[in-house]
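The structure under discussion is supplied below as structure tokens; questions concerning it will follow.
What follows is calculated from the coordinates using simple rules that are stated; it is not laboratory data. Here the structure is a predicted model, which means the values were calculated and not measured. A quick note on method: Cβ atoms are made from the backbone with ideal geometry, for glycine too, and the neighbour counts reach across all protein chains shown.
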Amino acid sequence: MKVKVVIFDWDGTLVDSVDHIAESLHQAATELGYPQLEREAYRDIIGLGMVEALEKLYPGISRDEMNEIREGYGRYFFSKVTTPQNVFDGMADVVSDIRGSGRGCSVATGKSRRGLDVALVSSGLGDQFDITRCADETRSKPDPAMLEEIVRFYGVDPSEAVMIGDTRYDLDMAQRMGMPAIGVEWGVHKRDVLAGYSPHAIVDTVADLRRVLGL
């Protein structure tokens, strides 16, 4: 695949953090008396910004109630630091090889800026990305605002970049932007869901991802 820029989602694509996010949301919400939802419900909103995620999980929730859950979520989530061992096997090499090939490498994530900045350092991946964009500084997926800012930074057309992600929100965002996408099956959503957004490819191993990217 000949593109000039590769854009990664973070949670569930580069880093094995989906279960920890779901558990942190579950703990934060239920300790405040909110209904206990199925774990799949918490997993399904991963990729959205926190405001959009909570509105989907608990329709009608107020901003004050949202802030209470967010505070609890932060306590639980940041009690466990992302380490290089949490990066999916082989993905650090993929990122490094993309940079070595002369292509741009960046991140578009539903995480907060605070959360991503911590994870960039603790994961060991921080110096590999030219630009990163978060939901709380632009707009939440599937709005393509993050991708618009990234392609503007590089000065490329959307067709010259690719979005790689594990959720329908990643692929929907890319589709709205007219950008090719690659779905990965080791995160939140599986092939049947990802296929609904006409990605360039869906892969279930890092080796397949390398092949598609021509690494």
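Place a +1 charge on the Cβ of each Lys and Arg in region 130-215 and a -1 charge on the Cβ of each Asp and Glu, then give the dipole magnitude about the Cα centre in debye, rounded to the nearest 20.
Dipole magnitude for region 130-215 comes out near 160 debye.
Sticking with this one: Whole-Å semi-axes of region 77-186's equivalent ellipsoid, largest first, each the root of 5 times a Cα gyration tensor eigenvalue?
21, 17, 14
Rounded to the nearest 20 debye, what is the charge dipole size of the chain about its Cα centre when +1 sits on each Lys and Arg Cβ and -1 on each Asp and Glu Cβ?
Values: 24 positive and 35 negative charges, 97 e Å.
Magnitude of the dipole: close to 460 debye.
Same structure again: On full extension of the chain, what length is gained from Glu31 through Val193, given 0.36 nm per residue of separation minus the C-alpha to C-alpha distance?
Stretched out fully, the Glu31 to Val193 stretch lengthens by 55.2 nm.
Between Ser123, Leu209, Ala135, whose Cα lies farthest towards the positive end of the dipole of region 84-215 when Lys and Arg beta carbons carry +1 and Asp and Glu beta carbons carry -1, centred on the Cα centre?
The one lying farthest along the dipole's positive direction is Ala135.
Then there's this: Please give the length that would be gained between Val51 and Ser101 if that part of the chain were fully extended, namely 0.36 nm times their separation in residues minus their C-alpha to C-alpha distance (nm, one decimal).
Full-extension gain reported as 14.3 nm.
Mind checking the angle between helix 91-100 and the chain's longest principal axis? C-alpha axes, 0 to 90 degrees, to the nearest 10.
Helix 91-100 and the main axis of the chain meet at about 40 degrees.
Can you grab the distance from the C-alpha centre of region 111-134 to the C-alpha centre of region 73-92, Å, no decimals?
Value for the Cα centre distance between the two parts: 11 Å.
Relative contact order (percent) for the chain, with alpha-carbon contacts under 8 angstrom and 6 or more residues of separation?
Working: 387 pairs, mean separation 55.1, N = 215.
Averaging sequence separation for qualifying contacts and normalising by length gives 26 percent for the chain.
So, counting K/R as plus one and D/E as minus one, what does the shell of residues with Cβ under 11 Å around Glu149 add up to?
My count for the surroundings of Glu149 gives +1.
Quick one: divide the alpha-carbon radius of gyration of region 1-125 by 2.2 N^0.38 Å and tell me what you get.
Normalised Rg, Cα atoms only: 1.16.
Another question, if that's okay. Inverting the mean 1/r over all pairs of different Cα atoms, compute the Kirkwood radius of the chain and quote it in Å.
Every distinct Cα pair counted, the radius reaches 17.3 Å.
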